[in-house]
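A.B. asks: If you scroll down you'll find the structure; I have some questions about it.
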Amino acid sequence: MRIMTYNILNGAEGRIDDVIKVVKSVAPDVLVLNEANGFEKNNYEKLKYFGGETGLLHQYLETCGDGWDYHVAVLAKENFLSVESVTPVARAIIIAKINAGNVKCTIAGLHLTPALEKERMAESMKLLRKLSVVESTVIAGDFNSLSISDNYPKKTIDKFSDDQKRKFTSEGKAQYGVDGLFRKFGFADAALIKGDFSKTVPTKLLGDTTHPPVRLDKVLLSPDLTDKLLEYTVVKNNLTDEISDHYPVYADIKV
């Protein structure tokens, strides 16, 4: 099973076919889309178009909880056994169950709030409470939070803008509360398992930027799946450099 997550920046307006080209090149079985802005309009016209072009014919979209347009969508090749949303949250969290081979898997697609770490922890806890059994579960999306495994040096933290310091730090130190919470519940970071800490933000799209490289887009695995991780990749090429401010990430899991 190949799971992909991609923050496509403001609905990939004017870039949608390039994003589709990237997704088709990866050919995921399940895709988590962050910032699916406008995908709900005209009876989900954009969502259906995206799914039809990528072969991900089963789709579910949850609109942004704070009234903005930063929606989350989960798309899959196979039909969902069930799907539900975690509310209330600032952006969106979706829990979908699918058949993957002979295994019933839970896929949680999320976009945590860009506000404060304590608010992201509260949203994460809402998700974890919804997961009645933490097995055969994958959590993927834009976590908007740092991982302690990335070991960000002080010089990187010092380069954060005031907004980034508010988002990622407290009293001059990086915060890892969300990372620690998921670890406490047994979830493992696919990047850590494979030893690939490639940063997922920023790309070259925004040109000169003060945003230091960070890893915000992640795939987490429940304990029973950690030894079944076959591959983890941050997709970096000429196309993904230019069509979003985030790079897409995917993981292959043997099920």
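The values are calculated or read from the model by the stated rules, or taken from the named source; none is laboratory data. These numbers were taken from a predicted model, which means no experiment stands behind them. Positions of Cβ are generated from backbone atoms using ideal geometry, with glycine treated the same way; all protein chains shown enter the neighbour counts.
A.B. asks: Please verify whether segment 170-177 includes one or more residues that are crowded, with 19+ Cβ neighbours inside 10 Å and either in contact with a strand residue (DSSP E or B) (Cβ under 8 Å, 6 or more places away or on another chain) or outside any loop (DSSP other than H, G, I, E, B) (or both). Full working, then the answer.
C.D. replies: Of the residues in segment 170-177, the ones crowded, with 19+ Cβ neighbours inside 10 Å are 174-175.
Still in the running and either in contact with a strand residue (DSSP E or B) (Cβ under 8 Å, 6 or more places away or on another chain) or outside any loop (DSSP other than H, G, I, E, B) (or both): 174-175.
Checked segment 170-177: at least one residue is crowded, with 19+ Cβ neighbours inside 10 Å and either in contact with a strand residue (DSSP E or B) (Cβ under 8 Å, 6 or more places away or on another chain) or outside any loop (DSSP other than H, G, I, E, B) (or both).
A.B. asks: Within segment 188-196, is even one residue in a helix (DSSP H, G or I), closer than 30 Å to Lys254 by Cα and under 15 Å from the mean Cα position of the chain (by Cα)? Step through it out loud before you land on a result.
C.D. replies: Filtering segment 188-196 down to residues in a helix (DSSP H, G or I) leaves 190-194.
Checking which are closer than 30 Å to Lys254 by Cα leaves us with 190-194.
From what's left, under 15 Å from the mean Cα position of the chain (by Cα): 190-191.
Looking for residues that are in a helix (DSSP H, G or I), closer than 30 Å to Lys254 by Cα and under 15 Å from the mean Cα position of the chain (by Cα), one finds at least one in segment 188-196, hence yes.
A.B. asks: Please count how many residues of segment 82-110 are assigned to a strand (DSSP E or B), in contact (Cβ under 8 Å) with a residue 24 or more places away in the chain and closer than 22 Å to Pro223 by Cα. Before you say what the answer is, go through the steps one by one.
C.D. replies: Keep residues of segment 82-110 that are assigned to a strand (DSSP E or B), which gives 82-85, 92-100, 103-110.
Those left that are additionally in contact (Cβ under 8 Å) with a residue 24 or more places away in the chain: 84, 92-96, 98, 100, 103-110.
Retained after the next criterion (residues that are closer than 22 Å to Pro223 by Cα): 93-96, 98, 100, 103-110.
Selection size over segment 82-110: 14.
A.B. asks: Which residues, taken from segment 1-14, are out of contact with any His (no Cβ under 9 Å at 6 or more places or on another chain), surrounded by 18 or more Cβ atoms within 10 Å (Cβ to Cβ) and more than 28 Å from Asn102 (Cβ to Cβ)?
C.D. replies: Ala12
A.B. asks: Ok, one more. For the structure I just gave you, tell me whether Lys154 is at pLDDT below 95 and either among the basic types (Lys, Arg) or buried (at least 17 other Cβ atoms within 10 Å of the Cβ) (or both). Spell out the reasoning first.
C.D. replies: Values: at pLDDT below 95: yes; either among the basic types (Lys, Arg) or buried (at least 17 other Cβ atoms within 10 Å of the Cβ) (or both): yes.
Yes: the conditions hold for Lys154.
A.B. asks: So, Pro88, is that one of a type outside the set (A, V, I, L, M, F, W, C), within 24 Å of Gly11 (Cα to Cα) and surrounded by 15 or more Cβ atoms within 10 Å (Cβ to Cβ) or not? Steps first, answer last, please.
C.D. replies: On the way: of a type outside the set (A, V, I, L, M, F, W, C): yes; within 24 Å of Gly11 (Cα to Cα): yes; surrounded by 15 or more Cβ atoms within 10 Å (Cβ to Cβ): no.
No; evaluated as a whole, the condition is false for this residue.
Residues checked against (1) surrounded by fewer than 15 Cβ atoms within 10 Å (Cβ to Cβ); (2) β-branched (Val, Ile, Thr); (3) closer than 22 Å to Val249 by Cα:
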{"position": "Ser25", "(1), (2), (3)": "yes, no, yes"}
{"position": "Pro28", "(1), (2), (3)": "no, no, yes"}
{"position": "Asn42", "(1), (2), (3)": "yes, no, no"}
{"position": "Gly55", "(1), (2), (3)": "yes, no, yes"}
{"position": "Glu62", "(1), (2), (3)": "no, no, yes"}
{"position": "Gly65", "(1), (2), (3)": "no, no, no"}
{"position": "His71", "(1), (2), (3)": "no, no, yes"}
{"position": "Val74", "(1), (2), (3)": "no, yes, yes"}
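A.B. asks: Can you tell me which residue is modelled with the lowest pLDDT among those in segment 9-35 that are of a type in the set (Gly, Ala, Ser) and more than 18 Å from Val201 (Cβ to Cβ)?
C.D. replies: Among residues in segment 9-35 that are of a type in the set (Gly, Ala, Ser) and more than 18 Å from Val201 (Cβ to Cβ), the one modelled with the lowest pLDDT is Gly14.
A.B. asks: Restricting to segment 90-104, name every residue that is more than 21 Å from the chain's Cα centre (by Cα) and hydrophobic (A, V, I, L, M, F, W, C).
C.D. replies: If the condition is that a residue be more than 21 Å from the chain's Cα centre (by Cα) and hydrophobic (A, V, I, L, M, F, W, C), then Val103 is the only one that fits.
A.B. asks: Filter the strands (runs of 3 or more DSSP E) completely within segment 1-81 down to those with at least 3 residues that are of a type outside the set (A, V, I, L, M, F, W, C). Working first, answer last.
C.D. replies: Details: elements: 2-7, 30-34, 58-62, 72-76.
The strands (runs of 3 or more DSSP E) meeting that bar are 2-7, 58-62.
A.B. asks: Considering (1) touching a residue at least 40 places away in the same chain (Cβ under 8 Å); (2) at positive phi; (3) not β-branched (Val, Ile, Thr), say which one Gly195 fails and leave the rest.
C.D. replies: (1)
A.B. asks: Which residues, counting only those in segment 230-248, are part of a strand (DSSP E or B), buried (at least 18 other Cβ atoms within 10 Å of the Cβ) and touching a Lys or Arg at 6+ places or on another chain (Cβ under 7 Å)?
C.D. replies: Correct list: Tyr232 only.
A.B. asks: Still on this structure, I have one more. Could you say which residue among Leu192, Leu225 is more than 18 Å from Pro28 (Cα to Cα), crowded, with 18+ Cβ neighbours inside 10 Å, among the aliphatic types (A, V, I, L, M) and modelled with pLDDT of 95 or more? If you could, list the steps in order and put the result at the bottom.
C.D. replies: On the way: Leu225 fails: more than 18 Å from Pro28 (Cα to Cα).
Criteria check complete, one pass: Leu192.
A.B. asks: Return the residue satisfying two criteria in turn: it lies in segment 122-162 and is in contact with a strand residue (DSSP E or B) (Cβ under 6 Å, 6 or more places away or on another chain) and β-branched (Val, Ile, Thr), and of such residues it is farthest from Val72 (Cα to Cα).
C.D. replies: Ile157
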